[in-house]
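Only one structure is covered here, and it is reproduced in the block below.
The values are calculated or read from the model by the stated rules, or taken from the named source; none is laboratory data. All figures in this text were calculated on a predicted structure; none of them were measured in a lab. Cβ atoms come from the backbone with ideal geometry, glycine included; neighbour counts cover every protein chain shown.
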Amino acid sequence: MHRLIPAVLSIAFALPHATARSQRSTPANRTGLSQAISRPNIVLITADDLGYADVGVQGAKDIPTPNIDRIAREGARFTNAYAASPLCSPSRAGLLTGRYPQRWGHEFNPGPTKSDSAFGLPSTEPTLAERLKAVGYTTGLVGKWHLGYRAQTTPTYRGFDEFYGFLGATHRYRSDGDQRMGPMVRGTKLVSESLDITDAFAREAVSFVKANATKPFFLYLAFNAVHVPLMPDAPRLGRMSSIKDPERRRYAATVVAMDEAIGAVLSVLDKERLTGRTIVLFASDNGGAALSTKSSNGALSGVKGQLLEGGVRVPFLVRWPGTVKPGTAVQATVSALDVAPTVTALAGVPAVGPSFDGVDLAPVVRGSSAGSPERTLYWRVGTTWAIRKGSWKLIKFNDGSPRLYDLSTDVAERHDLAAKRRDVVAALRKEWERWSSRMQPPKWGKEGWMGVLTPET
Ligand code: CA
């Protein structure tokens, strides 16, 4: 997949880089700008493949993450929060649109095949950046995109005024010996980078905040940490010397680099006196990739790519000064699909275009609602699928019958209740089938290694 990027970028260069800029001058946007003074800034931070239990506030004892922990201490931690998909690209598609990505066939990551030339977020699906830009926000993406390589599907054509990062699934953290880090992209131009990638993202995020301190902004800071290939720097690796397992130590040092980058963003918000009017959200795009890293999903079964909790339940933190009571733990079932509806409601974005599948979390984070006890979430990855409703979770692997778990007593999904509660199985299956019938078949990618493991793995 990585090999495709330079070819695609050459197409991007051939097209004018004017779409994002020209939208600023529409009358609607000028109106938005005048109204935008009181609008909060949005900083949406995503980790890549972070284990569920790999930051302090989630229970990690061996990895210091004071800055991520600070977001939770000063805001809310959601304990039943889910990604839209256990895979990178569809997860990000759900996050940025607030809609099930299967609605447009975005069920898999793209593969390096000809049939994947269709890959990319379609223009009919507005991104959160486009929605916020329409009411006057300045928008920036720092980090990983993974929602399209063709020019019209790249960040500066999908609502981001600024982009610094890379388009694909993964990227080397630095040049190392004969292996080059590979170019980064600024806007639509390839540029070289001398810092380690996570430190470079910190620099860019801080710069974006400083440059836009006097106007409402949306910063999407999408780390590739802690996705492989892990390439921790020597100083941070040295600071993790108390961890005996060398692979866990490498992983921990990578988490620490991300935490420090997040600290730099929180610090510049403080320095610019923006903390009080900036909502900071933090989540992982999917669960820990425990087959390729020494990540830990704690008590959860399963890994990235699976629909067991370890693949889709993610750390999810929201700091919202004046609205979220510091140190709040929220048990309501929530989804990354809720981010776009929540943020747009708060920013006063008119409800235009396709409707959200997620919900506005404002009543939940304000404490005025415990959330719907019947909140239902759906997943489908090829022949595997799952539905969560209330505390029930029905999960179908690519072989055998669906298994039923009561997550209120069995978060590890160890005790299959399907034989005992055939009524619940039938009802949830019917509900999932109704949802699935409204989705499109996959338009790219294919079922790979993920999803085939059993709960015991
Ligand atoms: Ca990921």
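Would you pick out the residues in segment 391-409 that are modelled with pLDDT of 95 or more and surrounded by 16 or more Cβ atoms within 10 Å (Cβ to Cβ)?
W392, K393, L394, I395, K396, P402, R403, L404, Y405, D406, L407
Of the residues in segment 190-212, how many are in a loop (DSSP other than H, G, I, E, B) and touching a strand residue (DSSP E or B) at 6+ places or on another chain (Cβ under 9 Å)?
Qualifying residue count, segment 190-212: 3.
Among the residues of segment 372-386, is there at least one that is in contact with a Phe, Trp or Tyr (Cβ under 7 Å, 6 or more places away or on another chain) and free of Cβ contacts under 8 Å to residues at least 60 places away in the same chain?
For segment 372-386, residues in contact with a Phe, Trp or Tyr (Cβ under 7 Å, 6 or more places away or on another chain) and free of Cβ contacts under 8 Å to residues at least 60 places away in the same chain: absent.
Residues in segment 183-199: is at least one surrounded by 23 or more Cβ atoms within 10 Å (Cβ to Cβ), touching a residue at least 40 places away in the same chain (Cβ under 8 Å) and under 25 Å from A253 (Cβ atoms)? Write out each step before concluding.
So in segment 183-199, the residues surrounded by 23 or more Cβ atoms within 10 Å (Cβ to Cβ) come out as 197-198.
Okay, now just the ones that are also touching a residue at least 40 places away in the same chain (Cβ under 8 Å), so 198.
Remaining after also requiring under 25 Å from A253 (Cβ atoms): 198.
Yes, there is a match, as at least one residue in segment 183-199 is surrounded by 23 or more Cβ atoms within 10 Å (Cβ to Cβ), touching a residue at least 40 places away in the same chain (Cβ under 8 Å) and under 25 Å from A253 (Cβ atoms).
If the Cβ limit is 6 Å and pairs must be 6+ apart or interchain, which residue in segment 271-288 that is under 25 Å from S301 (Cα atoms) and in the same structural domain as E309 (by TED's automatic domain parsing) pairs with which residue that is of a type in the set (S, T, N, Q) and part of a strand (DSSP E or B)?
From segment 271-288, the pairs are A283/T46; D285/T46.
Going by what's in this entry, would R319 be described as of a type outside the set (V, I, T), touching a Leu at 6+ places or on another chain (Cβ under 7 Å) and away from the ligand (no atom under 16 Å from the Cβ)?
The answer is no for R319.
Could you grab me the full set of residues in segment 155-164 that are buried (at least 24 other Cβ atoms within 10 Å of the Cβ), out of contact with any Ser or Thr (no Cβ under 7 Å at 6 or more places or on another chain) and in contact (Cβ under 8 Å) with a residue 40 or more places away in the chain?
none
This table checks each residue for (1) part of a helix (DSSP H, G or I); (2) closer than 24 Å to A169 by Cβ; (3) small (G, A, S).
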site: V228; (1), (2), (3): no, yes, no
site: E247; (1), (2), (3): yes, yes, no
site: A264; (1), (2), (3): yes, no, yes
site: V268; (1), (2), (3): yes, no, no
site: G287; (1), (2), (3): no, yes, yes
site: K294; (1), (2), (3): no, yes, no
site: L300; (1), (2), (3): no, yes, no
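Please identify the pairs in which a residue from segment 85-98 that is at positive phi and away from the ligand (no atom under 12 Å from the Cβ) has its Cβ atom under 8 Å from the Cβ atom of a residue that is part of a helix (DSSP H, G or I) and of a type outside the set (F, W, Y), counting only partners at least 6 apart or on another chain.
G98/L128; G98/L337; G98/D338; G98/V339; G98/A340; G98/P341; G98/T344
Looking only at segment 49-84, filter to residues that are within 16 Å of the ligand (Cβ to nearest atom) and of a type outside the set (S, T, Y); which one of those is nearest to K244 (Cα to Cα)?
Checking each candidate, the answer is D54.
Go through (1) touching a Phe, Trp or Tyr at 6+ places or on another chain (Cβ under 6 Å); (2) modelled with pLDDT of 95 or more for N67 and report which single condition fails.
Here N67 meets the rest and fails (1).
Condition check ((1) within 22 Å of W444 (Cβ to Cβ); (2) touching a strand residue (DSSP E or B) at 6+ places or on another chain (Cβ under 7 Å)) across all residues:
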residue: E107; (1), (2): yes, yes
residue: T127; (1), (2): yes, no
residue: T138; (1), (2): no, yes
residue: L141; (1), (2): yes, yes
residue: K144; (1), (2): yes, yes
residue: P155; (1), (2): yes, yes
residue: Y164; (1), (2): no, yes
residue: R172; (1), (2): no, yes
